[in-house]
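Input: a single structure, listed below in structure tokens.
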């Protein structure tokens, strides 16, 4: 495991576990002794999350990549389902949109261009329907706010009050799906 300390103008310390790396975010003025005490205080949490990250890595490494035929089938399915969901939610958000494109991406679930064109990942077909809807609503709300401001999320939650539940599902499971994209 590697340990990285990131100092910034923040006021508090925090910990982040990524695969086999521990990241400590600390205020500029925090001493090495204070950082070490913080690490010791959170030792149980660090060990638990490093173990979870190691298990997750094993799961990901064991996944079989999708074949080109499977990816094509997902894209065809997405071409049927996602435009229907966009058409359903656009009036609820109160926006119009341009072209809808389905892609097989390794890092994004959706995007919205300044012209109102929408892109969606075909891997959404491997998620619960509510996740698909949450991504659709997210991208449509960018037609009103091209950022991730408080105002943007107010709009998302107005249309989909349980958005955070499905966003969390995608954050917890999305990397497993993305890793199945043919390498």
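The values are calculated or read from the model by the stated rules, or taken from the named source; none is laboratory data. In this text, all values refer to a predicted model and were calculated from it rather than measured experimentally. Positions of Cβ are backbone-derived with ideal geometry, glycine not excepted, and every protein chain shown enters the neighbour counts.
Just checking, how many residues over region 1-51 are within 21 Å of residue 175 (Cβ to Cβ), in contact with a helix residue (DSSP H, G or I) (Cβ under 8 Å, 6 or more places away or on another chain) and assigned to a helix (DSSP H, G or I)?
The number of residues fulfilling the criteria is 1.
So, in region 77-100, how many residues would count as being in contact with a helix residue (DSSP H, G or I) (Cβ under 8 Å, 6 or more places away or on another chain), within 16 Å of residue 111 (Cβ to Cβ) and surrounded by fewer than 16 Cβ atoms within 10 Å (Cβ to Cβ)?
0
For residue 86, work out the one condition from (1) farther than 25 Å from residue 145 by Cα; (2) assigned to a helix (DSSP H, G or I); (3) at pLDDT 95 or above it doesn't fulfil.
Condition (1) is where residue 86 drops out.
Is one or more of the residues making up region 63-78 assigned to a helix (DSSP H, G or I), over 28 Å from residue 132 (Cβ atoms) and out of contact with any strand residue (DSSP E or B) (no Cβ under 9 Å at 6 or more places or on another chain)?
No, every residue in region 63-78 fails to be assigned to a helix (DSSP H, G or I), over 28 Å from residue 132 (Cβ atoms) and out of contact with any strand residue (DSSP E or B) (no Cβ under 9 Å at 6 or more places or on another chain).
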